[in-house]
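Q: So that we are looking at the same thing, I have put the structure below in structure tokens.
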Amino acid sequence: MSYNIDTKCVQAGYTPGNGEPRQVPIIQSTTFKYATSEDMGKLFDLEASGYFYTRLQNPTNDYVAAKIAELEGGTAGMLTSSGQAANFFALFNVCECGSHIVSSSSIYGGTFNLIAVTMAKMGIDVTFVSPDCTEEELNAAFKDNTRAVFGETIANPALTVLDIEKFAKAAHSHGVPFIIDNTFPTPVNCRPIEWGADIVTHSTTKYMDGHGVAVGGAIVDSGRFDWMAHAEKFPGLCTPDESYHGITYAEKFGQGGAFITKCTAQLMRDFGCIQSPQNAFYLNLGLESLHVRMPKHVENGQAVAEFLKDHPKVANVNYSGLKDDKYYELAQKYMPNGGCGVVSFEIEGGRDAALRFMKELKLAAIETHVADARTCCLNPATSTHRQMSDEQLEAAGIPAGLIRMSCGLEDKEDLIADLAQALDAI
Ligand SMILES: *Cc1c(COP(=O)(O)O)cnc(C)c1O
């Protein structure tokens with residue numbers, strides 16, 4: 001039986017048997033017991049599925065990963081220790097030294113650094129393209145050694161909305177998967193697989209947890225990418241893995257299982273970026289109310305954006321739910337129920353005014369975090385980006401007066417009143 005997304009948020013992934021715990025159990029165990037060495041040997045050969053060591057896999061994590069996979073409409077999923085680990089694993093599972101990635105330039109700073117600096121040190125090259133590029137510009141970025149295309153549904157912090165179909169089409173016409181970070185909308189507001197994405201990643205630290213308690217990440221495979229049809233590009237999936245007695249993932253686990261099995265068996269084994277079962281349990285509590293929380297984040301984001309848009313001390317507002325926003329049409333297409341609760345705006349008066357404004361806020365806390373129940377604000381110029389001059393900030397598209405506001409689950413009138421009094425004071 002197939003359920004709607006609200007039901008999946010509450011119940012998917014874990015179905016207890018007779019007399020078993022109603023809530024997802026926390027399997028707080030590093031190891032698992034077997035009667036014979038032969039039994040355990042089958043696991044090491046990937047001949048049987050089961051658990052032997054929590055550095056690779058743990059049942060609690062797998063229940064929660066299965067829920068996220070169902071929410072995204074994928075065939076398999078896994079949890080990672082962080083969103084950073086999820087994006088690294090998703091890319092590195094199809095890339096190796098000498099590979100090339102095409103990525104949207106409008107992505108989370110940590111991911112930009114991961115790809116442009118750290119993966120470059122591994123010999124993996126990248127070409128960044130504007131999310132707003134034409135199809136011709138996008139196609140021109142591909143090389144013979146391109147192995148993946150990457151982007152974010154709604155970029156953090158720029159709030160650009162990606163044309164998912166455009167990026168998926170370009171990736172597929174070059175025989176490579178399109179990997180998309182769907183952290184901000186969550187599958188409640190957008191399911192990129194329905195628009196052609198092959199692999200979906202998450203920083204579950206944000207809305208999925210939603211309460212600011214546990215850092216985590218997730219990867220979901222759509223099961224739609226035909227690795228064997230492009231076997232020469234993906235030897236890791238399409239030729240025998242000698243570290244597992246010569247099995248070929250794409251043959252043994254098929255299109256729906258190869259990507260996540262390889263990612264677990266090789267990358268999780270070797271890097272060990274596993275989420276703790278305790279954190280997976282917290283994440284599941286967040287997921288149980290995700291469908292209830294997201295509409296409220298959107299309602300608050302929309303109300304705040306509309307208030308700011310008409311305020312004389314606000315130069316401009318970025319929120320794809322505003323009719324005159326550059327991304328309104330794309331957001332309507334991909335996220336008709338709204339995107340997320342994060343709004344950014346530039347206040348008149350630059351750095352000094354921004355500093356003053358931040359001091360006057362009473363309800364909204366100053367935090368680098370986004371996407372949890374409590375509203376928070378950040379002025380990059382005086383915090384995360386304080387080493388940059390006003391000119392450098394302007395060039396990077398982060399003017400000194402820019403404020404990023406993550407609207408929580410409070411009453412929207414209280415949020416607006418807080419903004420109004422802080423703006424009045426400057
Ligand atoms: C926060 C974030 C990440 C990184 O996730 P962590 O859980 O902090 O490692 C990646 N992508 C996006 C869009 C994010 O907002």
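Q: Calculate how steeply helix 83-92 sits against the longest principal axis of the alpha-carbon atoms of the chain, using the helix alpha-carbon long axis, and give the answer as 0 to 90 degrees to the nearest 10.
A: The angle comes out near 50 degrees.
Q: Kindly rank 219-230, 16-27, 238-249 from highest to lowest mean number of other beta carbons found within 10 Å of each residue.
A: Going from most to least packed, we get 219-230, 238-249, 16-27.
Q: With all protein chains present, how much of the accessible area of the chain (probe radius 1.4 Å) comes from carbon and sulfur, to the nearest whole percent?
A: 52
Q: In whole Å, what is the distance between the alpha-carbon centres of region 406-426 and region 120-146?
A: When both Cα centres are located, 41 Å separates them.
Q: For the chain, what does the helix formula give at 222 nm: sum of -39500 (n - 2.57) over DSSP H segments with n ≥ 4, over the residue count, nearest 500 deg cm²/dmol?
A: Computed mean residue ellipticity for the chain: -10000 deg cm²/dmol.
Q: Please work out how much length the chain gains when fully extended from Glu194 to Ser29, using 0.36 nm per residue of separation minus the C-alpha to C-alpha distance, in nm with one decimal.
A: 55.7 nm
Q: Something else: Aspartates and glutamates within cross-link reach of Lys252: Cα-Cα under 17 Å, excluding same-chain residues under 8 positions apart?
A: Excluding near neighbours in sequence, the set is Asp45, Glu47, Asp221, Asp226, Asp241, Glu242.
Q: Quick check: the angle from helix 290-309's long axis to the longest principal axis of the chain, C-alpha only, nearest 10 degrees?
A: So the inclination is approximately 30 degrees.
Q: Follow-up question, since we're still on this one. Set the Förster radius R0 to 56 Å, insert the Cβ-Cβ distance between Glu242 and Asp324 as r into 1/(1 + (r/R0)^6), and round the FRET efficiency to 0.05.
A: 0.45
Q: For Lys362, go through the lysines and keep the ones whose alpha-carbon is under 16 Å away, minus same-chain ones fewer than eight residues off.
A: Partners found: Lys412.
Q: Just how far, in whole angstrom, is region 365-405 from region 157-186 if you go by their alpha carbon centroids?
A: 25
Q: Here's something else I'd like to know. Measuring from centroid to centroid over Cα atoms, what is the spacing of region 294-345 and region 15-63 in Å?
A: Their Cα centres are 44 Å away from one another.
Q: Over all alpha-carbon pairs in region 355-426, figure out the percentage whose distance exceeds 19 Å.
A: 36
Q: Now for a different question. For the chain, just run the numbers: alpha carbon Rg, then divide by 2.2 N^0.38 Å, N being how many residues it has.
A: 1.01
Q: While we're looking at this one, here's another question. Compute, for region 291-424, the length of the dipole vector about the Cα centre, with Cβ point charges of +1 (Lys, Arg) and -1 (Asp, Glu) only. Units Debye, rounded to 20.
A: Using only the charged Cβ atoms, the result is roughly 300 debye.
Q: Could you list, in their original order, any pairs among Lys166/Lys326; Lys8/Lys323; Lys67/Lys296; Lys33/Lys206; Lys166/Lys296 whose Cα atoms are separated by more than 25 Å?
A: Where the Cα-Cα span goes over 25 Å, the pairs concerned are Lys8/Lys323; Lys33/Lys206; Lys166/Lys296.
Q: If you roll a 1.4 Å probe over the heavy atoms of the protein chains, what accessible area per residue do you get for the chain, in Å²?
A: 41
Q: For helix 412-424, what angle does its Cα long axis make with the longest principal axis of the chain, in degrees from 0 to 90 and rounded to 10?
A: 50
Q: Measuring from label point to label point, each 7 Å out along Cα→Cβ, what is the Lys333 to His369 span in nm?
A: It is 3.5 nm.
Q: I'd like the per residue volume of the convex hull spanned by the Cα atoms of region 244-349, given in cubic angstrom.
A: Residue-normalised Cα hull volume stands at 194 Å³.
Q: Where both partners of a DSSP beta bridge lie in the chain, what percent of those bridges are antiparallel, to the nearest 5?
A: Percentage antiparallel, nearest 5: 60.
Q: Would you mind estimating how fast region 20-129 diffuses translationally, via Stokes-Einstein at 20 °C and 1.002 mPa s with the Kirkwood radius over Cα pairs, in µm²/s?
A: The Stokes-Einstein estimate is 128 µm²/s.
Q: About the Cα centre, and with charges only on the beta carbon of Lys, Arg (+1) and Asp, Glu (-1), how big is the dipole of the chain? Nearest 20 debye, please.
A: 660
The values are calculated or read from the model by the stated rules, or taken from the named source; none is laboratory data. Here the structure is a predicted model, which means the values were calculated and not measured. We place every Cβ from the backbone using ideal geometry, glycine too, and count neighbours over all the protein chains shown. Accessible surface areas use protein heavy atoms only, side chains included; no ligands, DNA or RNA. Shrake-Rupley method; radii C 1.70, N 1.55, O 1.52, S 1.80 Å.
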